[in-house]
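Let me begin by presenting the structure, written as structure tokens, before commenting on it.
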Amino acid sequence: MNKAASLIMAAGLAFSAAGCQAAASSSEADAPLKQKESKPKATSAAKTENEPPAANPPAETPAASQPAGKGKVSSNSSDESANGVKIVKHTYKDTPVEYAQVSGLSSREAEKAINGQLLAEAKENSLQYLKLMQKEEKHKEDWEKDGKPYEWTPYEFKTTYKVSFNKNHLLSIISYDYQYEGGAHGSTIAKTMNFNVKDGSAFKLLDVIKNKKEAVKNYAVAELTAQSEEENSMIFKDTLKDIEISNDRAWTFEENGLTLIFQQYEIAAYAGGMPEVSVPLSVYQ
């Protein structure tokens with residue numbers, strides 16, 4: 001059994017034991033215990049002048065410390081898991097690129113390794129943003145030379161993220177890179193990073209599922225086929241046989257296994273979004 005599978009199984013056992021203990025407690029003692037366990041997520045509204053406004057601004061909290069790396073950085077929200085790993089949102093310099101930084105890890109080296117990888121990804125996304133702005137400038141000049149034959153719509157680029165899993169020494173973060181350069185709508189690409197917070201190492205999908213690649217693919221095809229047969233489904237059933245299970249596949253850890261993420265247009269219409277499949281640990285352990 002590989003390290004990721006061991007950590008997930010340990011999480012399952014821990015939650016099971018907690019459930020048994022809670023059931024044995026009296027109802028009078030149970031109420032205050034639940035109140036104590038329900039920790040509200042810490043959030044912060046501090047942000048740079050250049051950061052796009054959030055749809056639902058979070059409650060204000062003290063600003064977090066600056067992460068490693070050069071440039072103007074701000075934090076505007078935070079999230080803390082049950083095991084004490086804290087994730088704080090930052091904005092990379094003067095770009096619409098959000099990224100996470102972690103703190104509270106037992107190993108400073110692991111913390112530094114994870115933050116370095118997250119920061120490097122943010123830097124790469126900021127370069128994509130700058131390239132798109134240069135491209136827009138050139139296209140707009142051509143548009144003006146042509147006599148402005150149609151209404152100009154500004155180009156857009158934004159990177160956001162969400163913490164998908166943060167339990168039992170496993171951390172999964174999904175970043176969403178949105179880009180618009182004309183047309184009916186923009187496009188979004190999901191990218192994932194999965195870490196062991198004990199040592200800061202990053203997991204690759206094929207290292208997690210080992211020699212169970214075909215088993216995982218067969219399971220995913222069966223699940224997606226079932227989804228395609230649901231009413232109003234936008235999944236293209238005839239494309240499912242061609243899906244790939246590789247290290248390029250976006251994926252995250254979940255409570256008892258992992259989740260595979262399929263990109264826009266990969267197996268469904270645009271309105272179908274990004275289909276997902278939950279793969280139980282039993283399929284690949």
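The values are calculated or read from the model by the stated rules, or taken from the named source; none is laboratory data. Since we're looking at a predicted model, the values are computed, not measured. A quick note on method: Cβ atoms are made from the backbone with ideal geometry, for glycine too, and the neighbour counts reach across all protein chains shown. The accessibility values were calculated without ligands, DNA or RNA, using every heavy atom of the protein model including side chains. Shrake-Rupley method; radii C 1.70, N 1.55, O 1.52, S 1.80 Å.
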Relative contact order (percent, whole number), segment 153-285, Cα cutoff 8 Å, 6+ residue spacing: 21
Three-way shape call for segment 180-285 based on the alpha-carbon gyration tensor, with the a/c threshold at 1.5: oblate
Backbone N within segment 94-138 under 12 Å of label point (7 Å from residue 179 Cα along the Cβ vector): 125-136
Those GluC sites (Glu not before Pro) in segment 210-241 that DSSP places in a loop and that have at most 10 other beta carbons within 10 Å: 229, 230, 231
Prolate/oblate/rounded call for segment 118-165, Cα gyration tensor, a/c under 1.5 rounded: oblate
Accessible area, probe 1.4 Å, largest first, for residues 137, 254: 137, 254
Long pairs among 93/145; 89/158; 86/210; 123/210, criterion Cα-Cα beyond 25 Å: 93/145; 86/210; 123/210
